[in-house]
1. Can you name the number of the only condition in (1) in a helix (DSSP H, G or I); (2) within 20 Å of the chain's Cα centre (by Cα) that Ala190 fails?
2. For residues in segment 19-60 being modelled with pLDDT of 95 or more and among the polar types (S, T, N, Q), which is farthest from Asp109 (Cα to Cα)?
3. Here is a list of conditions, (1) crowded, with 21+ Cβ neighbours inside 10 Å; (2) under 30 Å from Asp168 (Cα atoms); (3) among the small types (Gly, Ala, Ser), and Ser54 meets all of them except one; can you say which number that is?
4. With respect to Gly106, is the statement that it is in contact (Cβ under 8 Å) with a residue 40 or more places away in the chain, out of contact with any strand residue (DSSP E or B) (no Cβ under 9 Å at 6 or more places or on another chain), of a type outside the set (Val, Ile, Thr) and exposed (fewer than 14 other Cβ atoms within 10 Å of the Cβ) true?
5. Any residue in segment 128-155 that is part of a loop (DSSP other than H, G, I, E, B) sitting within a Cβ distance under 7 Å of a residue that is small (Gly, Ala, Ser) and crowded, with 16+ Cβ neighbours inside 10 Å? List the pairs, counting only those 6 or more apart or interchain.
6. Select from segment 208-228 the residues that are out of contact with any strand residue (DSSP E or B) (no Cβ under 7 Å at 6 or more places or on another chain) and in contact (Cβ under 8 Å) with a residue 40 or more places away in the chain and write down the one among them that is surrounded by the most Cβ atoms within 10 Å (Cβ to Cβ).
7. If we scan segment 87-96, do we find a residue that is crowded, with 21+ Cβ neighbours inside 10 Å and not in a helix (DSSP H, G or I)?
8. Of all residues in segment 112-127 being part of a helix (DSSP H, G or I) and more than 21 Å from Val163 (Cβ to Cβ), which is modelled with the lowest pLDDT?
Amino acid sequence: MVPRLLALDFDGVLCDGMDEFFESARRGLADVTGKTVPDALHGRFAGLRPAVESGWEMVALIGMLAESDGSEDRALRQARTWATARDRYLASHGLDRRRLTLALDGARDRWIAGDLAGWLRSHRFYPGVVRWLTDLTRTELPVYIISTKGKPFLEALLTGQGVHMPPDRVIGKEEPRREKWDVLRDLAQANGVAFADVWFVEDRLPTLLEMRERAPDLRARLFFASWGFVFPERDSAAAREESIPVLDLATMTGPFAAWPSTA
């Protein structure tokens, strides 16, 4: 079995941008609060990055970590605890999502404008991904990247690796934001592909579960990327419990026939 349309999340599926996340987030935090964050927080930030859904939350996360001793880090892995702590931090500092979004994007824009090579070096595409994507672009299979990252950032990273995709195949965040299942539904219809022939790879299990719940008509084949920004001790097992196939990196970049079947 092979897909007739393949959609891929970017961060945590194709690319590991943890170093860029940390640096852009701390620059963004400095812009809005004047606070300087030391390099030593990188490890704690990386350990909690899987709790983050949208980029602006990284600025909040790094600000929270700079004001705590780490004793509550494990508790922040729980979605409800994280959301409560995040919102409390915003309220106590007079911040909001829009302001942090602008701060993060502005920090990235200035970094790219002043040191594009350095910004590109702060990302690492996962082993085998560049070759695999390049090969796919030479086939007739419609391949799309769907991300909450800004499209200019996505295109800069892809072209920096020599991966050239048609502009309409790279879908970044929009204002207002569109849910990924709505994007998938539109792409399937635009390409004349049955929903069941759409394959989608994502490293955020909550996104896959929400998609299944809120778009029951979209019977796409969903895959959980086990190498991404996940809490490995719990997320793969949780995906299996929900009958969502768990994909490893070597399998994804190999033949489609080897991908796990859906339940």
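The values are calculated or read from the model by the stated rules, or taken from the named source; none is laboratory data. Since the structure is predicted, the reported quantities are computational estimates derived from the model, not experimental observations. Heads up, the Cβs are rebuilt from the backbone with ideal geometry, glycines too, and the neighbour counts pull from every protein chain shown.
1. Among (1) in a helix (DSSP H, G or I); (2) within 20 Å of the chain's Cα centre (by Cα), the lone unmet condition for Ala190 is (2).
2. Thr33
3. That leaves (1) as the condition not met.
4. Answer is no for this residue.
5. Correct list of pairs: Ser147/Gly172; Thr148/Gly55; Lys149/Gly55; Lys149/Gly172; Gly150/Gly172.
6. Gly228
7. Restricting attention to segment 87-96, the residues satisfying the condition of being crowded, with 21+ Cβ neighbours inside 10 Å are none.
No: zero hits.
8. Restricting to residues being part of a helix (DSSP H, G or I) and more than 21 Å from Val163 (Cβ to Cβ), the top hit is Ala113.
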